[in-house]
Amino acid sequence: MRETVTTPTAPRFHGARRVRAALLAATLLIAACGDDEPESAATPNAGDTVPGQSPGTVTDGSDPPTTGTGDEVAPLSEVSVVLTRLPGTEQPVKLTSRPGSDRLYVVRKSGRIIALEEGDDPIEETTVLDLSDRVLTDGERGVLGLAFSNDGETMYVHHTGLDGETRIAAYTMDGDVADPASRVDLLTVDQPHANHNGGEIIVDEEDLLWIGLGDGGAQRDPDERAQDPDDLLGKLLRIDPTTTGPGGRAYGIPDDNPYAEGGGAPEIAAIGLRNPWRFRFDPANGDLWVADVGQSDWEEINRVPADEILGANFGWSRYEASHDHRTDRELTGDADPIVPVYEMNHDDGWCSVTGGPVYRGDAIAGLDGAYLFGDFCRAGLNAMRVRPDGTVDTVVLDDEVSAITSIDATADGTLYVLTIAGEIFRVDPA
């Protein structure tokens, strides 16, 4: 089933909420929830949302390009895809390709990173790295993110340590697997609560490492970390893992980071996030897309032009999406906060947004420049494109897939959808 939205006042999704009861009962939620208990992530917004039919909302009147390349494209209503089921694996939360390899590298939340041959036939999994003895996996914790250096020789992992802390580690690759003895702990960040760990990790074209961290958990950012420039939680971080820093620090600081010369933690690139489970860069223009998981009312999708990323403030916890939240809080800095390009009401069944990539492949006609997203509670693989006048065109590409943990694209633009139930789908043209 598919529906296209052509005005900023009527985006509505009708895909049924098909999250399996067993999943809702399990403590497997990755992407953080709304009014969750401080030390529990048993269900996505359990008891907090009332399923309804309220539409999503376009909130940005800016003038971004249609596709990022200046090309005019057909409406998303003309796009037709099919989800092709591939061999699955236990609790997949991230899939990526590696430069120089034709394998798919998949993160299992429970502790293993595996490699699969691309294709439809069942094959035996190859273990790339087993972190099961280093990781807490309850609730939102576990192995959460994976990235490779541009030469494919170094693998970076975002995972929860045995004391609940966030750890960013680097491993040298030995053929198709990682050398466990080569581990370098780049960054360790204490987590005051079990939820809102973030999870994304990305290597950019300059081999700089971008890291997404949530606000530390509990509810409503109780310690006001997201707007604190001296605290790494509630931020996007940007470090140089190819150099070292003062005092034996295992990474360097890019000179143009907002606080590289003082005034805050030098690792910080952007502030004011609740739980950026997944963020991505548009390979065509460098724009940043951040899907930030909301509290009790709103999920949000943000687009930041490439030249405005450093120093950006996403507004949490003064705002939840574009709405007042903690009016007793003050924003850091003088600049206005980023306004989401799209937001989704929990009354409509949304609870924990999973952002994906901007599609830049060649296989699916009409999808170029579209941003892919889903949700942990609400079934559906969705695509959106911002028009030159600031309105948003959206479509439900598939309304069956549910409990989405990640939407990923390999280097050639091939799209994959992962679910907590263990499913891996390739998105193919219909």
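The values are calculated or read from the model by the stated rules, or taken from the named source; none is laboratory data. All figures in this text were calculated on a predicted structure; none of them were measured in a lab. Neighbour counts are summed over all protein chains in view; Cβ atoms, including those assigned to glycine, are modelled from backbone coordinates with ideal geometry.
With respect to being at pLDDT 95 or above, under 17 Å from the mean Cα position of the chain (by Cα) and of a type outside the set (A, V, I, L, M), Asn345 falls outside the description.
For every residue, the table says whether it meets (1) more than 17 Å from Leu331 (Cα to Cα); (2) surrounded by fewer than 16 Cβ atoms within 10 Å (Cβ to Cβ).
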{"site": "Asp255", "(1), (2)": "yes, yes"}
{"site": "Tyr259", "(1), (2)": "no, no"}
{"site": "Glu267", "(1), (2)": "yes, no"}
{"site": "Gly272", "(1), (2)": "no, no"}
{"site": "Phe279", "(1), (2)": "yes, no"}
{"site": "Leu288", "(1), (2)": "yes, no"}
{"site": "Arg303", "(1), (2)": "yes, no"}
{"site": "Leu310", "(1), (2)": "no, no"}
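For Leu162, indicate whether it is in contact with a Lys or Arg (Cβ under 7 Å, 6 or more places away or on another chain) and assigned to a loop (DSSP other than H, G, I, E, B). Answer is yes for this residue.
Candidates are the residues of the range 407-421 that are closer than 16 Å to Lys109 by Cβ and outside any strand (DSSP E or B); the one that is nearest to the chain's Cα centre (by Cα) is Ile420. If we scan the range 348-359, do we find a residue that is over 19 Å from the mean Cα position of the chain (by Cα), outside any loop (DSSP other than H, G, I, E, B), buried (at least 17 other Cβ atoms within 10 Å of the Cβ) and modelled with pLDDT of 95 or more? Yes, some residue in the range 348-359 is over 19 Å from the mean Cα position of the chain (by Cα), outside any loop (DSSP other than H, G, I, E, B), buried (at least 17 other Cβ atoms within 10 Å of the Cβ) and modelled with pLDDT of 95 or more.
Taking the condition closer than 18 Å to Glu299 by Cβ, in contact with a strand residue (DSSP E or B) (Cβ under 8 Å, 6 or more places away or on another chain), of a type outside the set (A, V, I, L, M, F, W, C) and buried (at least 24 other Cβ atoms within 10 Å of the Cβ), does Tyr371 pass?
Against the criterion (closer than 18 Å to Glu299 by Cβ, in contact with a strand residue (DSSP E or B) (Cβ under 8 Å, 6 or more places away or on another chain), of a type outside the set (A, V, I, L, M, F, W, C) and buried (at least 24 other Cβ atoms within 10 Å of the Cβ)), Tyr371 qualifies.
So for the range 224-231 (the condition being modelled with pLDDT of 95 or more and closer than 27 Å to Pro357 by Cβ), does at least one residue qualify? Yes: one or more hits.
Residues of the range 152-175 that are surrounded by fewer than 19 Cβ atoms within 10 Å (Cβ to Cβ) and under 19 Å from Leu104 (Cβ atoms): Gly152, Glu153, Asp174, Gly175. The conditions of being touching a residue at least 12 places away in the same chain (Cβ under 8 Å), acidic (Asp, Glu) and either buried (at least 19 other Cβ atoms within 10 Å of the Cβ) or more than 23 Å from Asp230 (Cβ to Cβ) (or both) are not met by Glu330. Residue by residue through the range 176-195, note down the ones that are buried (at least 18 other Cβ atoms within 10 Å of the Cβ), out of contact with any Phe, Trp or Tyr (no Cβ under 9 Å at 6 or more places or on another chain) and either of a type outside the set (Gly, Ala, Ser) or closer than 20 Å to Leu104 by Cα (or both). Answer for the range 176-195, where residues must be buried (at least 18 other Cβ atoms within 10 Å of the Cβ), out of contact with any Phe, Trp or Tyr (no Cβ under 9 Å at 6 or more places or on another chain) and either of a type outside the set (Gly, Ala, Ser) or closer than 20 Å to Leu104 by Cα (or both): Val189, Gln191, His193, Asn195. In this structure, Thr410 does satisfy being farther than 15 Å from Thr354 by Cα, of a type in the set (Val, Ile, Thr) and either at pLDDT below 95 or out of contact with any Phe, Trp or Tyr (no Cβ under 7 Å at 6 or more places or on another chain) (or both).
Taking the range 334-347 on its own, how many of its residues are among the acidic types (Asp, Glu), within 24 Å of Gly390 (Cα to Cα) and surrounded by fewer than 19 Cβ atoms within 10 Å (Cβ to Cβ)?
Counting residues in the range 334-347 that are among the acidic types (Asp, Glu), within 24 Å of Gly390 (Cα to Cα) and surrounded by fewer than 19 Cβ atoms within 10 Å (Cβ to Cβ) gives 1.
Selection of the range 95-114 for residues being crowded, with 19+ Cβ neighbours inside 10 Å and either out of contact with any strand residue (DSSP E or B) (no Cβ under 7 Å at 6 or more places or on another chain) or under 22 Å from Thr414 (Cα atoms) (or both) yields Leu95, Thr96, Ser97, Arg98, Leu104, Tyr105, Val106, Val107, Arg108, Ile113, Ile114. Annotation note: Cβ proximity below 6 Å between a residue of the range 151-164 that is modelled with pLDDT of 95 or more and a residue that is basic (Lys, Arg) (sequence gap 6+ or interchain) occurs for Gly152/Arg98; His159/Arg167; Thr160/Arg141; Gly161/Arg167. Could you check the range 65-85 and list, in sequence order, the residues that are out of contact with any Pro (no Cβ under 9 Å at 6 or more places or on another chain), modelled with pLDDT of 90 or more and either of a type in the set (A, V, I, L, M, F, W, C) or buried (at least 19 other Cβ atoms within 10 Å of the Cβ) (or both)? Across the range 65-85, the qualifying residues are Leu76, Leu83.
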